[in-house]
Amino acid sequence: MPSNSTESHNIVIIGAGPAGLSTSYFLKQQNIDHIVLERGNVGNTWDVERWDGFYLVNPNWAVRLPGFHYVGTEPEGYLSKLETIQYLQDYAAHFESPVRTGVKVESLEQFSDGYKLHLGSGDVIEARCVVVATGAFGIPKLPNFTEQISDSFTQMHSADYKNPDSLNDGAVLVVGSGQSGAQIAEELHGAGKTVWLSVGNAGRRPRRYRGRDSSWWNYIMGGFDKTVEDVESVDDARYNSSSHTSGARGGHNIYLRQMAKTGVTLVGPVTGGRGDIISLNTDLEKILKSVDDHPIKWKQNVDDYVEKHGMQVPLDDIADPPNIAGWPKGDAPSELDLAESGITVIIWSTGFKYNFDWIKLPITGEYNYPIQQRGVTEYPGLYFMGLQWMYGSKSAQFIGVGEDAEYVAGHVIDNFG
């Protein structure tokens, strides 16, 4: 058998998603030698952790990686999962990013005046500088009581869900109504599945208002430009669920009450589970009111902005929400008998958590979030990229990750170029 090898590089980027590739772009622009390590193919996370029917929720005009903005014929459309992966792969090819695919980094530790990366192959890479760009969301987060639920039910995280046909026969319980949970529940219902949806506190995001996509309004009103210094609680910004809307079928609103009206059973948040029984919060009506109030407040902000700036934009003539105020009907249950309800699958759309235990340094703080200032850590030569709210609201989005990448790459070039 061949012996394991050790090689040395000046700069290593871990991850060939939007963050890693954007950083590579700026280094390549300045002819700075580096390599990008990717555990799968370029855009691996988008392939592995997104369901087949996934679409971006920001329009195509907001797909703006540095030097490679969207220039297609549908700026108001939304990229599908496969189109998003293709965009990333085309981006890497466009500027010939030095990506090595199929390389998994098992651990990172300090070594001499730099760092040592231990690979899954057993090989080692030594580097003076490392940029960690392994994804914005980390690993799936599951409630600690899932192991107490009977193994006669299939349990999976939303990151593992692919399509309705991949599930067992029977009803499905989707837990969580943020972007992923609401869209997955809608997809399953549309495919003829019997769906129960455990509603969370995520608000509803209007798809369009007064003639423009909600993303455009957020952009023009400065929502994408908010930094960690502009929010009352950066923890809330980082860890709260994103409001639900959809880019599928050309983009549309998701109304939880409408889903209930057409057959989805809404229940309150899951609070526990054992055997066949799931415990539920009974404040469903209060939660749904909060969901419905969210777009009302947002629209008022738009109206105020329009008036302040004297904008000539149309008024909406469509009732929003539609006539669904009476749904769901009846009291919210305090528990759910999975077997009695015909449920065979539980999809936990309960978000993600960060896991940087593979970095053998005290680099994280609360919630295992890396301690850094716009990607720069206290350890010379160790950087992060693409984290949720790393510097601002768009740090992990196609529309803004390039700005952080330019900053981090500049810091890298000044110190290691």
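The values are calculated or read from the model by the stated rules, or taken from the named source; none is laboratory data. Note that the structure is predicted; figures quoted are calculated from it, not measured. Heads up, the Cβs are rebuilt from the backbone with ideal geometry, glycines too, and the neighbour counts pull from every protein chain shown.
Quick one: count up the residues across the stretch 335-374 that are assigned to a loop (DSSP other than H, G, I, E, B) and farther than 24 Å from His189 by Cβ.
So the count comes out to 14.
Could you run through the stretch 1-39 and say how many residues are touching a residue at least 60 places away in the same chain (Cβ under 8 Å), part of a loop (DSSP other than H, G, I, E, B) and more than 22 Å from Phe111 (Cβ to Cβ)?
So the answer is 3.
Count, please, the residues in the stretch 245-271 that happen to be of a type in the set (Gly, Ala, Ser), more than 25 Å from the chain's Cα centre (by Cα) and surrounded by 15 or more Cβ atoms within 10 Å (Cβ to Cβ). Write out each step before concluding.
Here is the first cut: in the stretch 245-271, the residues of a type in the set (Gly, Ala, Ser) are 246-248, 250-251, 260, 263, 268.
The next check asks that each one be more than 25 Å from the chain's Cα centre (by Cα); those that pass are 260, 263.
Next cut, surrounded by 15 or more Cβ atoms within 10 Å (Cβ to Cβ) only: 260.
Total meeting the criteria: 1.
In the stretch 115-140, what residues are at pLDDT below 95, outside any strand (DSSP E or B) and not small (Gly, Ala, Ser)?
Within the stretch 115-140, Phe137 is the sole residue that qualifies.
In the stretch 287-321, how many are among the hydroxyl-bearing types (Ser, Thr, Tyr) and over 30 Å from the mean Cα position of the chain (by Cα)?
Restricting attention to the stretch 287-321, the residues satisfying the condition of being among the hydroxyl-bearing types (Ser, Thr, Tyr) are 290, 305.
Imposing the further condition that a residue be over 30 Å from the mean Cα position of the chain (by Cα) reduces the set to none.
Qualifying residue count for the region: 0.
Is it the case that Thr134 is assigned by TED's automatic domain parsing to the domain that holds Val36 and either within 24 Å of Lys81 (Cβ to Cβ) or surrounded by fewer than 14 Cβ atoms within 10 Å (Cβ to Cβ) (or both)? Break it down into steps so the answer makes sense when it comes.
Details: assigned by TED's automatic domain parsing to the domain that holds Val36: yes; either within 24 Å of Lys81 (Cβ to Cβ) or surrounded by fewer than 14 Cβ atoms within 10 Å (Cβ to Cβ) (or both): yes.
Criteria met by Thr134.
Restricting the stretch 108-131 to residues that are loosely packed, with under 14 Cβ neighbours inside 10 Å and within 28 Å of Gln89 (Cα to Cα), which is nearest to the chain's Cα centre (by Cα)?
Filtering first and then ranking leaves Gly120.
Could you pull out the residue among Gly222, Gly192, Gly170 that is touching a helix residue (DSSP H, G or I) at 6+ places or on another chain (Cβ under 9 Å), modelled with pLDDT of 95 or more and not hydrophobic (A, V, I, L, M, F, W, C)? Explain how you work it out, then say what you get.
Values: Gly222 fails: touching a helix residue (DSSP H, G or I) at 6+ places or on another chain (Cβ under 9 Å); Gly170 fails: touching a helix residue (DSSP H, G or I) at 6+ places or on another chain (Cβ under 9 Å).
Just a single option satisfies the conditions, and that option is Gly192.
Condition first: more than 22 Å from Glu49 (Cα to Cα) and part of a loop (DSSP other than H, G, I, E, B). Now tell me which residues in the stretch 78-98 satisfy that. Working first, answer last.
Looking only at the stretch 78-98, we keep the residues that are more than 22 Å from Glu49 (Cα to Cα), and these are 93-98.
Hits for the stretch 78-98 are Phe95, Glu96, Ser97, Pro98.
Being buried (at least 21 other Cβ atoms within 10 Å of the Cβ), within 21 Å of Met385 (Cα to Cα) and among the aliphatic types (A, V, I, L, M) is the requirement here; does Leu88 meet it? Quick ask: steps written out before the conclusion?
Values: buried (at least 21 other Cβ atoms within 10 Å of the Cβ): yes; within 21 Å of Met385 (Cα to Cα): yes; among the aliphatic types (A, V, I, L, M): yes.
It is true that Leu88 is buried (at least 21 other Cβ atoms within 10 Å of the Cβ), within 21 Å of Met385 (Cα to Cα) and among the aliphatic types (A, V, I, L, M).
Would you check if there is a residue in the stretch 227-235 being in contact with a strand residue (DSSP E or B) (Cβ under 9 Å, 6 or more places away or on another chain), crowded, with 16+ Cβ neighbours inside 10 Å and outside any loop (DSSP other than H, G, I, E, B)?
No, that holds for no residue.
Residues in the stretch 166-184: is at least one of a type outside the set (Gly, Ala, Ser), surrounded by fewer than 15 Cβ atoms within 10 Å (Cβ to Cβ) and not in a strand (DSSP E or B)? Don't jump to the end; show me each part of the working.
At the first step, the residues of the stretch 166-184 found to be of a type outside the set (Gly, Ala, Ser) are 167-169, 172-175, 179, 183-184.
Among the residues that remain, those that are also surrounded by fewer than 15 Cβ atoms within 10 Å (Cβ to Cβ) are: 168-169.
With not in a strand (DSSP E or B) added as a condition, the list becomes 168-169.
The answer is yes, given that some residue of the stretch 166-184 is of a type outside the set (Gly, Ala, Ser), surrounded by fewer than 15 Cβ atoms within 10 Å (Cβ to Cβ) and not in a strand (DSSP E or B).
I'd like the full set of residues that are assigned to a loop (DSSP other than H, G, I, E, B) and within 19 Å of the chain's Cα centre (by Cα), limited to the stretch 50-76.
Restricting attention to the stretch 50-76, the residues satisfying the condition of being assigned to a loop (DSSP other than H, G, I, E, B) are 50-54, 56-59, 63, 66-67, 70-76.
Answer for the stretch 50-76, where residues must be assigned to a loop (DSSP other than H, G, I, E, B) and within 19 Å of the chain's Cα centre (by Cα): Arg50, Trp51, Asp52, Gly53, Phe54, Leu56, Val57, Asn58, Pro59, Val63.
For residues that are under 29 Å from Asp283 (Cα atoms) and touching a Lys or Arg at 6+ places or on another chain (Cβ under 9 Å), scanning just the stretch 204-219, find the one that is surrounded by the fewest Cβ atoms within 10 Å (Cβ to Cβ).
Filtering first and then ranking leaves Pro206.
Go through the stretch 1-34 and give me each residue that's of a type in the set (A, V, I, L, M, F, W, C) and buried (at least 19 other Cβ atoms within 10 Å of the Cβ). Full working, then the answer.
Narrowing the stretch 1-34 to residues of a type in the set (A, V, I, L, M, F, W, C): 1, 11-14, 16, 19, 21, 26-27, 32.
Within the stretch 1-34, Ile11, Val12, Ile13, Ile14, Ala16, Ala19, Leu21, Phe26, Leu27 meet the criteria.
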